[in-house]
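Presented below is the structure to which this report refers.
The values are calculated or read from the model by the stated rules, or taken from the named source; none is laboratory data. In this text the structure is predicted, and so the values were computed from the model without any measurement. Counting neighbours? That spans all protein chains shown, and the Cβs are built from the backbone with ideal geometry, glycine included. Heavy atoms of the whole protein, side chains included, go into the accessibility calculation; ligands, DNA and RNA do not. Shrake-Rupley method; radii C 1.70, N 1.55, O 1.52, S 1.80 Å.
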Amino acid sequence: MTPEELRAASDRVIPDVVAGGLRVLFCGINPGLMSAATGHHFARPGNRFWPVLHRSGFTPRQLKPSEQEELLSYGLGITNVVARASARADEVSAEEFVEGGRLLTEKVERLGPTWLAVVGVTAYRTAFDDKKARIGPQERTIGGARVWVLPNPSGLNAHWSLETMAEEYGRLRAAAEDVTGG
């Protein structure tokens, strides 16, 4: 992928991978330029989403971004708080996050997943005006869906190793498998 192709992907929107009644709807912050250029979520090679999803037990093998549609067969999906692509998440305004939170709420109410998993605590705090949110399950529910905030799998998030991130995602997986809703 050339730098020109990546720049041309700025502001593109990539389709969600969703269906009604998912076990977990993962929600990224917003697509990066590599995702927008390829049309696949979490496509940048340094992004740890796909390895973490596998290591935490959500998928039986590590999927490639191009295999994202397979998630539906596991009761999983992907969307974003803000649909438009950018080079960095800090290029998204607070207003876009708030509007994204409103649109995400409508989407969750329509699709009815059991869990909404937002990957990025700062984006969650801004989108839902919850300054005290921490990684883990939240008190908030949206349209019947429980909410869990997960660490952002970006390679830039050095606070979380692959192993500790997989442990946290694994906690959500265990809750999602609990028939009582976790």
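Just name the residue that is farthest from Thr126 (Cα to Cα) out of those in segment 18-42 that are of a type in the set (Val, Ile, Thr) and open to solvent by 10 Å² or more (accessible area, probe 1.4 Å).
First, the residues of segment 18-42 that are of a type in the set (Val, Ile, Thr): 18, 24, 29, 38.
Checking the rest, the ones that are also open to solvent by 10 Å² or more (accessible area, probe 1.4 Å) come to 18, 29, 38.
Working: Val18: 23, Ile29: 11, Thr38: 28 Å.
My answer is Thr38.
Which residue pairs have Cβ atoms closer than 6 Å, lie 6 or more positions apart in sequence or on different chains, and pair a first residue in segment 158-177 that is under 28 Å from Gly144 (Cβ atoms) with a second residue that is part of a helix (DSSP H, G or I)?
That search, which allows pairs on different chains as well, returns Met165/Val52; Ala166/Val52; Ala166/Arg55; Tyr169/Val52.
Being hydrophobic (A, V, I, L, M, F, W, C) and modelled with pLDDT under 90: is that true of Ala37 here? Reasoning before the result, please.
Working: hydrophobic (A, V, I, L, M, F, W, C): yes; modelled with pLDDT under 90: no.
Spelling it out, it is not the case that Ala37 is hydrophobic (A, V, I, L, M, F, W, C) and modelled with pLDDT under 90.
For Gly144, all conditions in the list (1) more than 25 Å from Pro51 (Cα to Cα); (2) surrounded by 14 or more Cβ atoms within 10 Å (Cβ to Cβ); (3) at pLDDT below 95 hold save one; what is the number of the exception?
Every listed condition holds for Gly144 apart from (2).
If you take the residues in segment 149-159 that are closer than 22 Å to Pro65 by Cβ and surrounded by 14 or more Cβ atoms within 10 Å (Cβ to Cβ), which one is farthest from the chain's Cα centre (by Cα)?
Per the stated criteria, the residue is Asn157.
Just to verify a result, which residue in segment 1-17, among those that are open to solvent by 20 Å² or more (accessible area, probe 1.4 Å) and in a loop (DSSP other than H, G, I, E, B), is nearest to Gly143 (Cα to Cα)? It would help to see each step written out before you state the result.
Residues of segment 1-17 open to solvent by 20 Å² or more (accessible area, probe 1.4 Å): 1-8, 10-13, 15-16.
Next cut, in a loop (DSSP other than H, G, I, E, B) only: 1-2, 10-12, 15-16.
Values: Met1: 40, Thr2: 42, Ser10: 32, Asp11: 29, Arg12: 28, Pro15: 22, Asp16: 19 Å.
It comes out as Asp16.
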